[in-house]
1. For the structure I just gave you, tell me whether residue 33 is within 26 Å of the chain's Cα centre (by Cα) and modelled with pLDDT of 90 or more.
2. Only one of 280, 292, 245, 286 is without any contact (Cβ under 8 Å) to a residue 40 or more places away in the chain, in a helix (DSSP H, G or I) and under 30 Å from residue 448 (Cβ atoms). Can you tell me which?
3. In this structure, does residue 481 turn out to be in contact with an Asp or Glu (Cβ under 9 Å, 6 or more places away or on another chain), within 21 Å of residue 187 (Cα to Cα) and assigned by TED's automatic domain parsing to the domain that holds residue 522?
4. Restrict the check to the stretch 247-260 and report whether at least one residue is more than 30 Å from residue 217 (Cβ to Cβ) and either in contact with a Leu (Cβ under 9 Å, 6 or more places away or on another chain) or in the same structural domain as residue 219 (by TED's automatic domain parsing) (or both).
5. Do you know which residues across the stretch 227-261 are surrounded by fewer than 15 Cβ atoms within 10 Å (Cβ to Cβ) and of a type in the set (Gly, Ala, Ser)?
6. Which of (1) touching an Asp or Glu at 6+ places or on another chain (Cβ under 8 Å); (2) not β-branched (Val, Ile, Thr); (3) not in a helix (DSSP H, G or I) does residue 475 not meet, given it meets every other one?
7. Enumerate the strands (runs of 3 or more DSSP E) found wholly within the stretch 1-64, keeping only those where 1 or more residues are touching a strand residue (DSSP E or B) at 6+ places or on another chain (Cβ under 6 Å) and without any contact (Cβ under 8 Å) to a residue 60 or more places away in the chain.
8. Can you go through 457, 440, 406, 480 and tell me which one is basic (Lys, Arg) and within 20 Å of residue 374 (Cα to Cα)?
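The values are calculated or read from the model by the stated rules, or taken from the named source; none is laboratory data. Just so it is clear, the model here is predicted, and its values are computed rather than measured. We place every Cβ from the backbone using ideal geometry, glycine too, and count neighbours over all the protein chains shown.
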Amino acid sequence: MILACQNITKAFGEKMILQDASFHIEEREKAALIGNNGAGKTTLLRIIMNEISSDSGNVVIARDKNIGYLAQYQDIHGHHTIYEELLTTKQHILDMEARMRSLEHEMKHTSGEALEALMNTYTRLTHEFELENGYAWKSELTGVLKGLGFQEEDFDKPIETLSGGQKTRVALGKLLISRPDILLLDEPTNHLDMESIAWLETYLLNYPGAVFIVSHDRYFLDRVVTKVIEIEAAQVRTYQGNYSSYALKKAQLRDAQYKAYLNQQREIRHQEAVIAKLKSFNREKSIKRAESREKMLDKVQRLEKPVEIQDQMRLSLEPRFISGNDVLSVENLAKSFPGQTLFRNISFEIKRGERVALIGSNGTGKTTLLKIINGLLPADAGSFSLGSKVQIGYYDQEHHVLHMEKTIFQEISDTYPTLTETEIRNMLAAFLFTGDDVFKEISALSGGERGRVSLAKLMLSEANFLILDEPTNHLDIASKEILEEALNSYTGTVFYVSHDRYFINQTATRILDLTNLTVVNYIGDYDYYLEKKEELTEKYAPAQETAVSAPVQASESKVSWQQQKEEQAQRRKRENELRKTEQRIEELENRDKEIDETLVLSDVCTNVAKCAQLSREKETIQKELEELYEKWETLA
């Protein structure tokens, strides 16, 4: 055990955040802390770090172990560059290296016992230097920076010029390089693109210490953690396994709790009915029996009704009218900013009913592309067109559609005046705003709460083409699952940008990868994209080696796009045919074996007619197998 929380209790005013919370984390264990927004996850991390005190309970850390903490928001100051800021974590190694150089110089001019003493000191120092991985600190530092999405040209950028997200990545890099025994990470993937998240997953899986992570990234948690600690209604419960394992066990546990509650309620009602009947007889014996049953009933420990869970809420989304089959057509679109070309000559189409995810590394132009389609930015070249009766509903990351001075209720009622109070409250409840929460001002809401209000407005718009820019940012897991259910039941068309791989797997019917100035099409979910990424990127969007080859490649993008769709369809057809062929071969081989076993039976081998029939069947099987073997070789 390297970290333990024992009976931690914390309340803010009358609101209980944590009540007798207890759990522990073992050395090298990777654990997740999950719960809805406001459940107390960050509060618990701050109690562990002694930034705030608990009302009662203890935090126990193993002797001689140190903790490193990454808060959600970082405000790094100073005049260092990015590289220099991370270099501060290696100062002790730099000091050792300087001391080694000094000893080397002294040894050249020393002899006798003094030299021997210097050599002993030098040997101890070099051994310590090796243990600290001193000879590889430069490659380690560079590897972490690149893994977190910084390019070499970024290394010399001053810290004071960075955005909040970039500062958080720098802080994460410093923490990883300092290698504390326990890593506490609060939403470490918030400002990382997919490639950086994948790098961080691998890094944490191989991390020699313990890791305790707060995250709403379910794909990330599935890959990294082996224990899930959940905060719900101020209570803490521990589940072994990754996120998917937790979700299954949680559903089973809640189902069992609800069944036990219903069974007890049924039994209580039965006993109450029996007691009432016995009393109605109005006889001494029946009254005594009724009183005896009442005493037994009073001793029963009543089970509380399980709290209604938010992920059971459902939204029914329907566009006002159906669009044409062709929803969006993009032709040779290009966009550049001074010193940076985002994309050029990209072409693609979106059909009615598709849910298309646009993915790519940070800075490739995903949000820019959405803004061009929404008419918020002009394209440098190319064009796009919307199909018949297409009505766009747009969700942007900055929530420009909200009025800061209004309450949540006013924001919805003013935009949709025909809705009744009950309809508005039901919609807001679906986005986790209940009771007096609906009268909070927009300006007082967190980023996640504003996101949920924006989504509620979008869902009420009855648009038939939803364009969403990072719709799951700041949403907790319950909110994401509500949105997933809503989009999957939506009969319109969806085009969205997201870094949430679990969300993409749940909702996307197709993926567009914006890479190397163009788009690559994947007819499948995120797992399919991972499987085919290397192959299709190399084929349709190879890294452009020369400025001359790029325009040629761009001019062929539309043809390549069509070829790519056709080839993927053909590949899937071939894979299905291969699977069917293998199944048929297995069936025939099993039947052939059965015939061989039947022919040696005493009552069959003496039956000439039966033997002839089986022999003919065996001959037919052999012919079909020969054809199937050839077909299998061709397909495989």
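1. Against the criterion (within 26 Å of the chain's Cα centre (by Cα) and modelled with pLDDT of 90 or more), residue 33 qualifies.
2. 245
3. Judged against the criteria, residue 481 is a match.
4. Yes, the stretch 247-260 contains at least one residue that is more than 30 Å from residue 217 (Cβ to Cβ) and either in contact with a Leu (Cβ under 9 Å, 6 or more places away or on another chain) or in the same structural domain as residue 219 (by TED's automatic domain parsing) (or both).
5. Matches in the stretch 227-261: 233, 244, 251, 256, 260.
6. Status for residue 475: all satisfied but (1).
7. Answer list for the stretch 1-64: 3-12, 15-25, 56-61.
8. From the options 457, 440, 406, 480, the qualifying one is 457.
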